[in-house]
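A short worksheet on the structure shown next.
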Amino acid sequence: MEKLGLGTIGTSGITEQFIEAAQLSDAYAYQGVYSRHMDKADEFKKKYNAEKAYDDFDAFLNDTTIDVVYVASPNSLHFSQAKAVIEHSKHAIVEKPMVASLEEWTELTELAKEKGVVVVEAARHIFEPNFIKITDMIKAFRGISGATLTYSKYSSRYDNVLAGEEPPIFSPEFAGGAANDLGIYTIYAALRWFGKPESVHAFSHTIRTGVDGKGTAILRYEDFDVTLHYGKIVTATVPSEVYSLDQTLVLDAITGLEKAELVDAKTHESHAVALGKSADNPLIWEAKAFAKVMQDPNQKENKKVLDEWLTLSYDVHHVLDQIRRQA
């Protein structure tokens, strides 16, 4: 199929990683990079062989060679920038969290349908082969008794907070905080594995800047609970676990999953789960998946896949909204 003309917003490390994944996938042609600072845009243009560099947002949006835009600006800008992209009849790949509220999620997805384009949230781990294999295993378990999912990693930017500064990832103005940044990964995993919970109960630790530095959320299901631990001011070294009636599945991570084992609930005997080798660039899987759908969004199977992505994303943001409100 013809390659998708790719444009990018943002010049952070995650943008670089996605560009590299897109180029490795051979499904995209890098057409344009936008940054508020022309020197940064030029730097990306030269480093990744983009066709054009822009510091004028309107000019970037009007570039007819760009079919899809990857939005990786600060969280609070995702909605407005993705909306502008969609209004120009371009597909949008939006870094998580795609929006800062459920109302914004609805407006963005309805606009995409109206314009006949695709908008997706870049929650990379749900596309990773090891995550998909674990998902299939959990679906086949004989009953679920609960789970504890953890993703806490100390951010070096917290040092800036302690020094009296307010970097975007810890700023309420930029929709920063632990739930938006790392908690969303655990929510995606929980809802992909167990479905939408009946209720959400969240407890957050607010730091000086006014955002949550760490938090715990309990998702209540009919017969079990799932506990989520997430944070950006602490580092957790404990694994994540899923409990069935007769065994415990132990996972070394939620994203970039590399090791898993099954432990017999009665004998405590364990054996490793055979998982594949992680990709050098973990965004390759989402880059390929998004391209397949965007190259032919009206194909029956692609429409079904997109609907599944959007249903999951909506449910994730419904839970995330409750966590934010309770915080």
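The values are calculated or read from the model by the stated rules, or taken from the named source; none is laboratory data. This one's a predicted model, so the numbers in the text were calculated from it and none came from an experiment. Every residue, glycine as well, gets a Cβ built from its backbone with ideal geometry; the counts of neighbours run over all protein chains shown. Side chains included, ligands, DNA and RNA excluded: accessible areas come from the protein's heavy atoms. Shrake-Rupley method; radii C 1.70, N 1.55, O 1.52, S 1.80 Å.
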Taking region 202-237 and keeping only residues that are of a type in the set (A, V, I, L, M) and over 22 Å from the mean Cα position of the chain (by Cα), one is left with ILE207
Candidates GLU301, GLU286, GLU241, filtered to the one that is closer than 20 Å to MET1 by Cβ, open to solvent by 40 Å² or more (accessible area, probe 1.4 Å) and not in a loop (DSSP other than H, G, I, E, B): GLU301
Scan region 111-122 and tell me whether some residue there is in a loop (DSSP other than H, G, I, E, B) and open to solvent by 60 Å² or more (accessible area, probe 1.4 Å). no
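Please go through region 158-179 and pick out each residue that is part of a loop (DSSP other than H, G, I, E, B) and either touching a residue at least 24 places away in the same chain (Cβ under 8 Å) or not aliphatic (A, V, I, L, M) (or both). So that I can check it myself, show each step before the final result.
Quick first cut of region 158-179, residues part of a loop (DSSP other than H, G, I, E, B) only: 163-167, 171, 175-177.
Matches in region 158-179: GLY164, GLU165, GLU166, PRO167, SER171, ALA175, GLY176, GLY177.
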Of (1) among the small types (Gly, Ala, Ser); (2) farther than 26 Å from VAL263 by Cα; (3) touching a residue at least 12 places away in the same chain (Cβ under 8 Å); (4) open to solvent by 40 Å² or more (accessible area, probe 1.4 Å), SER145 satisfies all except one. Which? (2)
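Would you point out which residue out of GLU51, GLU104, GLU43 is surrounded by 15 or more Cβ atoms within 10 Å (Cβ to Cβ), in contact with a helix residue (DSSP H, G or I) (Cβ under 6 Å, 6 or more places away or on another chain) and among the charged types (D, E, K, R)?
Values: GLU51 fails: in contact with a helix residue (DSSP H, G or I) (Cβ under 6 Å, 6 or more places away or on another chain); GLU43 fails: in contact with a helix residue (DSSP H, G or I) (Cβ under 6 Å, 6 or more places away or on another chain).
One residue alone meets the criteria, GLU104.
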Residue match in region 247-260 (condition: out of contact with any helix residue (DSSP H, G or I) (no Cβ under 8 Å at 6 or more places or on another chain), part of a loop (DSSP other than H, G, I, E, B) and of a type in the set (Lys, Arg)): yes
Checking GLU261 against (1) modelled with pLDDT under 95; (2) touching a strand residue (DSSP E or B) at 6+ places or on another chain (Cβ under 9 Å); (3) farther than 25 Å from VAL94 by Cα; (4) not β-branched (Val, Ile, Thr): exactly one of these is not met. Which one? (1)
Of the residues in region 280-306, those that are free of Cβ contacts under 8 Å to residues at least 60 places away in the same chain and either farther than 20 Å from ILE86 by Cα or not charged (D, E, K, R) (or both) come to ASP280, ASN298, GLN299, LYS300, GLU301, ASN302, LYS304, VAL305
Checking ILE19 against (1) surrounded by fewer than 19 Cβ atoms within 10 Å (Cβ to Cβ); (2) touching a residue at least 12 places away in the same chain (Cβ under 8 Å), which single condition isn't satisfied? (1)
From the set of residues in region 248-275 that are more than 21 Å from the chain's Cα centre (by Cα) and more than 23 Å from SER145 (Cα to Cα), which is surrounded by the most Cβ atoms within 10 Å (Cβ to Cβ)? LEU275
Exclusive hit being in contact with a Lys or Arg (Cβ under 7 Å, 6 or more places away or on another chain) and either modelled with pLDDT of 95 or more or of a type in the set (S, T, N, Q) (or both), set SER199, SER204: SER199
